[in-house]
Structure formats: C-alpha cells, structure tokens
Amino acid sequence: MKDILNVIITNLVDDKEAVEINEVNGEKSVVYEVKVAEGDMGKIIGKQGRLAKSIRTVVKAVANKENKRVTVEFIG
C-alpha cells in the first residue's frame with residue numbers, strides 16, 4: 001500500500017525528493033503521514049480537497065482487499 005501511495009504522490013509533485021511517507025501502525029489501523037514541500041501541498045490537496053479525497057479513496061480500496069483500515073494524513 002505504501003508503494004502505491006508513493007507512486008501517486010511522486011507523480012503529482014515537482015520536488016520528488018521532498019516526499020516523505022511515514023507508516024504508523026495502530027492496533028486496528030494503519031496511518032500514513034504524507035509530507036511534501038510547501039509549494040507542492042496545493043497540488044496534493046487539489047481544489048476543495050477533491051484530489052486528497054481521491055487519493056484516500058484509492059488507498060482505502062486497496063486496504064479493503066487486505067482487510068485493513070487505513071487513514072491518509074497530509075502534513076504541511
């Protein structure tokens with residue numbers, strides 16, 4: 001799942017080396033914390049958060065096949 005998220009994020013941003021994805025495992029769920037350069041944050045979130053919502057939907061669909069709960073957080 002982290003690989004899929006990494007591919008999506010790196011293809012959207014200009015500064016690919018600034019992308020950091022931290023995986024935090026909880027008891028019942030996994031949280032992915034995505035950090036990008038300040039200038040690229042708008043590209044990840046999109047207009048009215050539509051792109052961020054789409055990214056979360058794709059990751060949740062993959063997680064659903066693996067019977068896991070996933071949350072994606074974008075940290076500025």
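Rule-based calculations on the coordinates, nothing more; no lab input. Being a predicted model, the structure only gives us computed values, none of them experimental. With ideal geometry, Cβ positions are generated from the backbone for all residues, glycine too; neighbour counts draw on all protein chains shown.
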Suppose only helical runs count, i.e. DSSP H with n ≥ 4. What mean residue ellipticity at 222 nm does that imply for the chain under -39500 (n - 2.57) per run, divided by all residues and rounded to the nearest 500 deg cm²/dmol?
-12500 deg cm²/dmol
What list of ³J(HN,Hα) couplings, whole Hz, do you get for the range 64-76 from phi and the Karplus terms 6.51, -1.76, 1.60, once you set θ to phi - 60° and write x for glycine and proline?
4, 5, 9, 6, 10, 9, 10, 10, 10, 10, 9, 10, x
I need the fraction of alpha carbon pairs in the chain separated by more than 22 Å, rounded to a whole percent.
18 percent
Using the Cα centre of the chain as the reference point, and only Cβ charges (+1 on K/R, -1 on D/E), how large is the resulting charge dipole? Debye, rounded to the nearest 20.
560 debye
Please give the helix 2-12 orientation as an angle from the longest Cα principal axis of the chain, in degrees from 0 to 90, rounded to the nearest 10.
20 degrees
Return the FRET efficiency for the residue pair Ala37, Lys65: r is the Cβ-Cβ distance, R0 is 25 Å, and the value is rounded to the nearest 0.05.
0.20
